Amino acid sequence: MNRLSISQITASLAVLMLGTGGALLLGASPVGIALPILAGLVVLLIAAHGHDPEPDQPAPPIEQPDLIDHPDFPTLLEGISDPLMLVEKGKIVRANRAAQRLLGAHIEGDDARIAIRHPAAAERLASTAPLADPFMIELVGLGSREQRWQMRVAPVGAVTSMRRLVHLVDHSGTHAAERMRVDFVANASHELRTPLAGILGFIETLADPELGKDHETRQRFLKIMDGEARRMQRLIDDLISLSRIEAEKYRAPDSAVDLSELVAEVVGVFRSSHGLRGRDVEMEIAHSLPPVLGDRAQLSQLVHNLIGNSVKYGRPDTPIRVTLTEGPSGMTRLAVADEGEGIGPDHLPRLTERFYRVDSGRSRAMGGTGLGLAIVKHIIERHRGRLDIASTLGKGTTITILLPPATDEGVTKADERRRPSALSGTVS
């Protein structure tokens, strides 16, 4: 029997009182009324002190499916493009395809220390200490010697399961960009400091009253100062040009350029302005070549830099051949070949780096800034073209450029971008 509540007992007593009052008004005897009332009170007392209800039993725990067995878990892992692994008690239980490409397709089930093979990572992944918060470690040399990774490790699930989610983020590009920035600032400072120091030294010498009287010495010093100042000017011009090209790197050119006419124009400038060496420039242009979609000023600078390099570093009285022909897939091929000392295979991959020189002394003597081929590379990248450098020691160097044609659709879209909107206007 369940115990009655206070409200139930009160209601029952009220009913008994009303019943007793009604019976007395109808003329019932007190003894006849007392017996039913007494019986009702006894029943209320028994009900009020009934058995206590059994305490509520806790609901049985709902069994949660294991994270690994969840049907969406593989999809979740593959949704991350970076290498991702789930490590349990030091062993890799799951790894996405990016992790398998980096560390091997067999890593699932392997010891994490063997799969990653890095001292800093192995020490942390083998630890059995509870992991409250995620941590990060920088790894150098994982995958290849130059690669840099940031390993992020976060706890997953209960502490006793010792599960760790390992996320590898490739920071090689960021590190390379930072290294290039530091090297660029250092090299630019050095290239500017050297001629500036020479100019200041000659100015101090000419300021001496005794040395300044010698006309021959003064003229020689002034000539050197003029050369150093012009070298600094060329360097600053190239730096500004490179900066502008990089700023427009992701904006595709939008003009149809007749490369045949442009190459003929640049070759004519060299033949008329570079003396005997300029007359060594030979030109061969195929007929009916399609125009290319490009920036005419930048393409002119590209051709100037390529022919200028051959004029500087090719052997005197040897031809410099400039050919413009049709290339593969409808592209236009521009090749500039010289007969010089050639470039060793170790130097070829680095020729387009800023301030890189095969022979620093000779380059400076020729007036080079070390930025010519870097500018060429960035112009080609903006024009979605290709660059190839082939060289043989003792024979010479050939630089080949492939540029895509200017299709009618591309020119039309470029014209539409340049055309003002019907709603545009001028506000004065």
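The values are calculated or read from the model by the stated rules, or taken from the named source; none is laboratory data. Source: prediction; values computed, not measured. Here the Cβ positions follow ideal geometry from the backbone for every residue, glycine too, while neighbour counts run over all protein chains shown. Ligands, DNA and RNA are excluded from the accessible area calculation, which covers all protein heavy atoms including side chains. Shrake-Rupley method; radii C 1.70, N 1.55, O 1.52, S 1.80 Å.
Quick notes
- Scanning segment 152-186 for residues that are open to solvent by 60 Å² or more (accessible area, probe 1.4 Å), out of contact with any Pro (no Cβ under 7 Å at 6 or more places or on another chain) and not aliphatic (A, V, I, L, M) turns up GLY157, THR160, ASP170, THR174, HIS175, GLU178, ARG179, ARG181, ASP183.
- Checked against the criterion of being in a helix (DSSP H, G or I), in contact (Cβ under 8 Å) with a residue 24 or more places away in the chain and of a type in the set (A, V, I, L, M), segment 202-211 contains not a single residue that satisfies it.
- In segment 252-280, residue surrounded by the fewest Cβ atoms within 10 Å (Cβ to Cβ) [restricted to those that are charged (D, E, K, R) and farther than 20 Å from MET331 by Cα]: GLU265
- Qualifying residue in segment 261-274 (condition: in a loop (DSSP other than H, G, I, E, B) and over 13 Å from LEU299 (Cα atoms)): yes
- Helices (runs of 4 or more DSSP H) fully within segment 76-135 counting 3 or more residues that are under 26 Å from the mean Cα position of the chain (by Cα) and of a type outside the set (Val, Ile, Thr): 97-103
- Among the criteria (1) touching a residue at least 40 places away in the same chain (Cβ under 8 Å); (2) touching a Leu at 6+ places or on another chain (Cβ under 9 Å), the one ARG117 does not fulfil is (1).
- Lone unmet requirement of (1) modelled with pLDDT of 85 or more; (2) assigned to a helix (DSSP H, G or I); (3) under 30 Å from ARG333 (Cα atoms) for GLU246: (1)
- In segment 289-320, residue most open to solvent (accessible area, probe 1.4 Å) [restricted to those that are part of a loop (DSSP other than H, G, I, E, B) and touching a strand residue (DSSP E or B) at 6+ places or on another chain (Cβ under 9 Å)]: ARG315
- Residue match in segment 329-349 (condition: farther than 27 Å from PRO253 by Cβ, assigned to a helix (DSSP H, G or I) and either touching a residue at least 24 places away in the same chain (Cβ under 8 Å) or open to solvent by less than 30 Å² (accessible area, probe 1.4 Å) (or both)): yes
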